[in-house]
Amino acid sequence: MADEPGVGSASVDSRAGAALAGTLEATPPSGLPVGPALPTISGSGAPTLEDVARVAGVSRATVSRVVNGQRRVAADIQAVVREAIATTGYVPNLAARSLVTRRTGAVIVVVSGAEEQGSPSTIDFADPFFGRVVGGMLRALRPRDVDPVLMLAETDSDRARVISSLRNGNADGALVVSTRGDDPMPGLLVEAGLPAVVFARPGRPIPLSFVDVANRDGARLAAEHLVARGCRHVAAISGPLDVPSAQDRLSGFQDAMARHGQAFVPTVGGNFTYESGVAAMTSLLAEYGDLDGVFASNDLMALGAIEALQASGRRVPDDVRVIGFDDSSVGAVSRPALTSVRQPIEEMAAEMARILLDTIADPGRRVTSTIFEPTLRIRDSA
């Protein structure tokens, strides 16, 4: 058991490390240089914590804290220890680490909707949004040696499995991406007292941490750009108005256009898909043929709107200027390239993961929100 993190008889190094447990360890114990040493492995068995400590030039306690994902070790020391782990080939005993930390080293990534009985799935993994979210989460989880486990939650039984998995200790917390404003998953996590963080403000006020972008400000950037380009007859394609972000984007756009004298903004709703953008734009053209600017609440709907405009003989941007929201990779390579309000999805998802890991480490941590600022990426469509 002496080879396992936090288990076994105390050495001089481990006692010294324990004395420093409440402070940030910025330097190794006196007399031990930081940096790789000769990879001398004790005995002929598997590499131990002591072997890693010897190679890294730090204490066994420091190695144990790095292996267990504790945050009281400076980043440069962590890098040295991880290099020594790779040099020695040390593999932590995950069962022992779980006993010490009472953590699994895994979190559930819940992609959640609110599917009606017999209706099709509300989750469209063709949307590049999901890939960006997962990529951002991994950016924050990997350095902390935490693995994501994907679970879908569209039905009552799906949601029950998520709650059961967390209660049974299969994961330490949940990162939730909701696709519907009436999604019950966030509320169930709060009722169960389980650590979780949500991407975007929940549909109803609940004590749960979340990250979001300043949606109204982003919509205002779109409105001001269309006005600056000379657009005077502007319409909007909204997302589902039970989703707070869709509400904020539409109201922010309408308010900004009102400030510039356009009291009425024709609006048709979509559901954040390409096909709904085509349908919404077709409907707008049938009733308001003289449009010269369109704001869509996400990039997929904006691209659908461009498809409908081009099919009707309108040129983008010569006849109608189009702006989306997200700044997705597919919009950047479309023809014409899409002008879009950028929300920093990768950074937002990484912040989600950091908040969750901090909450797992400190269960008494208060709920919090982080709001990111949008920017406008100007391309050919507007």
For this session: Scan segment 73-90 residue by residue and report those that are small (Gly, Ala, Ser), modelled with pLDDT under 85 and either surrounded by 14 or more Cβ atoms within 10 Å (Cβ to Cβ) or not in a helix (DSSP H, G or I) (or both).
Result: GLY89
Seminar exercise, completed: Of the residues in segment 221-232, those that are more than 25 Å from THR179 (Cβ to Cβ) and in contact with a Pro (Cβ under 9 Å, 6 or more places away or on another chain) number 1
Seminar exercise, completed: Taking segment 318-357 and keeping residues part of a loop (DSSP other than H, G, I, E, B) and either buried (at least 19 other Cβ atoms within 10 Å of the Cβ) or under 15 Å from the mean Cα position of the chain (by Cα) (or both) leaves VAL320, ASP327, SER328, SER334, LEU338, GLN343, PRO344
Problem set entry | Tabulated pairs, segment 48-60, first among the basic types (Lys, Arg), second assigned to a helix (DSSP H, G or I), C-beta under 6 angstrom, 6+ apart or interchain | ARG60/ASP13; ARG60/SER14; ARG60/LEU49; ARG60/GLU50; ARG60/ALA53
For this session: Only residues in segment 147-165 that are at negative phi and among the small types (Gly, Ala, Ser) count as the first member; pair them with residues that are surrounded by fewer than 17 Cβ atoms within 10 Å (Cβ to Cβ) and part of a helix (DSSP H, G or I), Cβ under 8 angstrom, at least 6 apart or cross-chain, and list the lot.
Result: ALA153/ARG161
Problem set entry | Unique residue being at pLDDT 90 or above and surrounded by 22 or more Cβ atoms within 10 Å (Cβ to Cβ) when the list is VAL111, VAL134, VAL190 | VAL111
For this session: Could you tell me whether segment 285-301 includes any residue that is among the hydrophobic types (A, V, I, L, M, F, W, C), part of a helix (DSSP H, G or I), more than 19 Å from LEU226 (Cα to Cα) and in contact with a Leu (Cβ under 9 Å, 6 or more places away or on another chain)?
Result: no
Problem set entry | Residue in segment 266-274 that is of a type in the set (A, V, I, L, M) and not in a strand (DSSP E or B) present | no
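The values are calculated or read from the model by the stated rules, or taken from the named source; none is laboratory data. Note that the structure is predicted; figures quoted are calculated from it, not measured. Glycine gets a Cβ as well: all are built from the backbone with ideal geometry, and neighbour counts include every protein chain shown.
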